[in-house]
Amino acid sequence: MCVCGCGSVVLRRCRHRCCRWLLGSCNTPPSIAFPPSPPLPSNPLIDIESPPRPFHGHTHKKKMTRFSPMYAAIFFCAMSGGCATAFVPSKELSSPSPVTDRTTTTTTTYSLNVAATTASDFSLDEYLKSKLGPIERALEGSVASRIPQTDRICEAMSYSLMAGGKRIRPVLCIAACEMLGGNQDDAMPTAVALEMIHTMSLIHDDLPAMDDDDLRRGKPTCHVVYGEDVAILAGDALLSTSFEHVARHTKGVPADRVLDVIARLGKSVGAEGLAGGQVMDLECEGKAGTTLDELKWIHLHKTATLLQVAVASGAIIGGATPEEIVACEKFAMDIGLAFQVADDILDVTASSEDLGKTAGKDEATDKTTYVKLLGLEESKRYARELIDGAKGCLAPFGDRAAPLLAIADFIVDRKN
Ligand code: GRG
C-alpha cells in the first residue's frame, strides 16, 4: 500500500513519474523533448521568484517544511490518486473497449482498477472532493496582498475568486494531466490560472456594461461590493496574474510545455476566445433571427474554449503527444458546448438559490439560447448527444479516462 497511508495501491504499479523516481528509473531531471533527450534547461521565468516556493499555492511566510523530493513524490502521487493507475466505471470493466460505449448515460459509481490489488468502490463525488481541497488551498494563497497598497485590489480579486464555484476547469486540468501520467502538483498552477481567468470573465460578464447582474456564486457581484472601477481592475489583475502564476509556480515541467500552456491560455481569452465570443454575444443581443450556427459560434468561443484549454493544458503538462492533445481538445470542445447548453437549460429549470445567480435571466432579457431555438427537450437531447460524442474521443486512453468521462456526465447532469 502507499506509504502515506491513504489506502492507495502499490507504488510499483504506478505509471506516474513520481513513482518511477522512487524506483530509481527516472531520477534525472525531466527532458525538454521526448526521451531520450538532454536534461531540461530551467525555465527562466520560474527561477526569478525569491520567496519560498508555495505548496499548492500556499504562501508559507513563517516556516515552511521542505519535503525531500522522494517524499514529495510519494505524497503527491498518493494525494492525486496517482498510484491508482485508472478509475474504471464498474459497469464497463468487462467491456473490451469501455470508453466507446456511447449508450452510457449516468455513470457515477466506479471501481478502482488496481490491477492485481483489491478493488474498492469510489464515486465521482469522492473524486471531486479529493481534488477540491487541494484546489481551494492553492487558490487561497494565490492572490494574497503583500503590501498595504494592494490590499483593496487583492481583496476584490480574492472576494470573487474565493466566492465558491464548482471549480470544473481546474478539476478538468488535473484529471487530464493525471490521465496522461502527470501529477496533480505539476498541473496545479495551471488549474489555479484557469480559475483566475474564469473568475475574471464572470466579474466582467456581470458588469453593468455587460449582463448587469448583481448576484454571482450566491453573493453580491464584485462591482456591487467594490464598485465598477475596482471590479474592472480586479478582473484585469486576475487575468494578468493567471499568466504570471503559471510561469512562476510550475516546477519540474519541461519549459516548452509551460510556454505552450501559457500561449494557449492567452489565446483562449482573446479575440478567438472569451472576448471574441462575448462581443458576438453582445452583437446578437436584441437582434432578431440569431441562428443556431451563430449561437454555437458564440458558445464555442465564450464558454467551450476555456474548458478546451483546461483539458489540453493538463494533457500537455502530463506529456501528451500531438495526437493525444487533439483527442483531448475534441473531447473538451464537445463537453464545453454541452456545458453551455446545460447552462441554458438550468436558466429555465433551476432556482436562483440553486444557481447562485439570477435564474430566468435569459428569458427575461429575451436572450437567444439553445432552449429558445431548440426547445427544452431537444436541448436536453442535444446536450446528451454532445457528451456521448465527447466520451468517444477518449477511447484511446482506455481506463485512464474514467475521471474525465464521469466529469463529462456531471456537466449535463448537474443541478447548478
Ligand atoms: C475581459 C478579455 C476579457 C474577456 C472577458 C466577459 C467575457 C469576456 C466573457 C464572458 C464569458 C462567460 C462569463 C461565459 C459564460 C460561461 C459560463 C457558462 C459560466 C458559468 O460557469 P460555471 O457554472 O460557474 O462553471 P462557477 O460559478 O461554478 O464557477
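Looking only at segment 321-342, count how many residues are over 26 Å from T368 (Cβ atoms), hydrophobic (A, V, I, L, M, F, W, C) and surrounded by fewer than 24 Cβ atoms within 10 Å (Cβ to Cβ).
3
Which helices (runs of 4 or more DSSP H) does segment 260-319 wholly contain that include 3 or more residues that are touching a His at 6+ places or on another chain (Cβ under 8 Å)?
Answer list for segment 260-319: 274-284.
Each row is one residue, and each column tells you yes or no for (1) farther than 22 Å from A310 by Cα; (2) out of contact with any helix residue (DSSP H, G or I) (no Cβ under 6 Å at 6 or more places or on another chain); (3) part of a loop (DSSP other than H, G, I, E, B).
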| residue | (1), (2), (3) |
| --- | --- |
| A191 | no, no, no |
| L194 | no, no, no |
| M200 | no, no, no |
| A209 | yes, yes, yes |
| I232 | yes, yes, no |
| L238 | no, no, no |
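In segment 194-221, what count of residues is obtained for those that are open to solvent by less than 10 Å² (accessible area, probe 1.4 Å) and over 21 Å from the mean Cα position of the chain (by Cα)?
2
Suppose we filter segment 362-371 for residues that are part of a helix (DSSP H, G or I) and surrounded by 17 or more Cβ atoms within 10 Å (Cβ to Cβ); how many remain?
3
Step by step: first the residues of segment 245-259, then only those that are outside any helix (DSSP H, G or I) and open to solvent by 20 Å² or more (accessible area, probe 1.4 Å), then the one that is nearest to the ligand (Cβ to nearest atom). Which residue is that?
Here the residue is K251.
Would you point out the residue of segment 372-403, among those that are within 16 Å of the ligand (Cβ to nearest atom) and closer than 15 Å to V311 by Cβ, that is least open to solvent (accessible area, probe 1.4 Å)?
I387
Out of D344, D354, which single residue is at pLDDT below 95, touching a Ser or Thr at 6+ places or on another chain (Cβ under 8 Å) and under 29 Å from T221 (Cβ atoms)?
Step by step, each of D344, D354 is checked, and only D344 is at pLDDT below 95, touching a Ser or Thr at 6+ places or on another chain (Cβ under 8 Å) and under 29 Å from T221 (Cβ atoms).
Which of the residues that make up segment 262-284 are touching a residue at least 60 places away in the same chain (Cβ under 8 Å) and within 13 Å of the ligand (Cβ to nearest atom)?
Passing the criteria: L265, S268, V269, L274, Q278, L282.
Say we look at segment 277-335 and pick out the residues that are within 20 Å of the chain's Cα centre (by Cα) and of a type in the set (S, T, Y); which of these is nearest to S379 (Cα to Cα)?
T303
Sort out which residues of segment 301-322 are more than 11 Å from the ligand (Cβ to nearest atom) and of a type outside the set (A, V, I, L, M), and write them in order of number.
Correct list: Q308, S313, G314, G318, G319, T321, P322.
Report yes if D293 is away from the ligand (no atom under 13 Å from the Cβ) and farther than 30 Å from N183 by Cα, otherwise no.
yes
Just to be sure I understand, how many residues within segment 133-172 are open to solvent by 50 Å² or more (accessible area, probe 1.4 Å) and within 12 Å of the ligand (Cβ to nearest atom)?
Selection size over segment 133-172: 2.
The values are calculated or read from the model by the stated rules, or taken from the named source; none is laboratory data. None of these values were measured; they are calculated from a predicted model. Because the Cβ atoms are built from the backbone with ideal geometry, glycine has one as well, and the counts that use them run over all protein chains shown. We work out accessible area using only protein heavy atoms, side chains counted, and drop any ligands, DNA or RNA first. Shrake-Rupley method; radii C 1.70, N 1.55, O 1.52, S 1.80 Å.
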